[in-house]
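Worksheet: one structure, shown below.
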Amino acid sequence: MTTFKYRICNQYKKLPLCNPDFIYLDGPDQFKVKKDINGISTRHKDMLPMVCDIFKFEYFYTPGTIIVCDGRAANAKFSKDHFKRNWKYIYDQKKDQHLFWLVDHVLGKLNKLKLEFYNKR
């Protein structure tokens, strides 16, 4: 448990050193979170998982980055409220998935090639 911009949430202890262009958000298990903040923890069945790690890296993500929140509607709302860059948001009700796609100015030749590749699909 931790806080992000004065909001109580979850975070992982250790993150991999990489800059992904696809993130599948479906963890951590809310009942395996350690500690609490002011007596609040997601280990209670009435609480919802609320991970904040993706915001810490937002300015490292390259245009075209995709984030999928599988279920986790509250965490998707938390994300929409805290992202600073231009993210396109789609909710697929049938699959109960929240999709975020980073739409921003191209950052250079390699990023341009990646976006061209994605757009061909």
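Against the definition (under 11 Å from the mean Cα position of the chain (by Cα), surrounded by 14 or more Cβ atoms within 10 Å (Cβ to Cβ) and within 23 Å of Lys13 (Cα to Cα)), how does Phe100 come out, yes or no?
No, not satisfied.
So which pairs qualify, if the first residue must be in the stretch 8-27 and touching a residue at least 60 places away in the same chain (Cβ under 8 Å), the second must be assigned to a loop (DSSP other than H, G, I, E, B), the Cβ gap must be under 8 Å, and the two must be at least 6 apart or on different chains?
Filtered contacts from the stretch 8-27: Cys9/Met1; Cys9/Met50; Cys9/Cys52; Asp21/Tyr61; Asp21/Thr62; Asp21/Gly64; Asp21/Thr65.
Quick check on this structure: which one of Leu107, Leu115 is farther than 18 Å from Arg7 by Cβ and in a helix (DSSP H, G or I)?
Testing whether each residue is farther than 18 Å from Arg7 by Cβ and in a helix (DSSP H, G or I) leaves just Leu115.
State all residues of the stretch 69-112 that are among the acidic types (Asp, Glu), under 25 Å from Thr42 (Cβ atoms) and touching a residue at least 12 places away in the same chain (Cβ under 8 Å); if no residue qualifies, say none.
Of everything in the stretch 69-112, those that are among the acidic types (Asp, Glu), under 25 Å from Thr42 (Cβ atoms) and touching a residue at least 12 places away in the same chain (Cβ under 8 Å) turn out to be Asp70, Asp96.
Looking only at residues that are under 12 Å from the mean Cα position of the chain (by Cα) and at pLDDT 90 or above in the stretch 12-41, which one is surrounded by the most Cβ atoms within 10 Å (Cβ to Cβ)?
Per the criteria, the residue is Leu25.
Restricting the search to the stretch 80-99, which residues are assigned to a loop (DSSP other than H, G, I, E, B) and more than 16 Å from Ile54 (Cβ to Cβ)?
Gln93, Lys94, Lys95, Asp96
Scan the stretch 40-60 and report the pairs whose first residue is in contact (Cβ under 8 Å) with a residue 60 or more places away in the chain and whose second residue is outside any strand (DSSP E or B) and among the hydroxyl-bearing types (Ser, Thr, Tyr), with Cβ atoms within less than 7 Å and a gap of 6+ or a chain change.
Close Cβ pairs satisfying both conditions: none exist.
The values are calculated or read from the model by the stated rules, or taken from the named source; none is laboratory data. Remember, it's a predicted structure, so these values are computed and weren't measured experimentally. Heads up, the Cβs are rebuilt from the backbone with ideal geometry, glycines too, and the neighbour counts pull from every protein chain shown.
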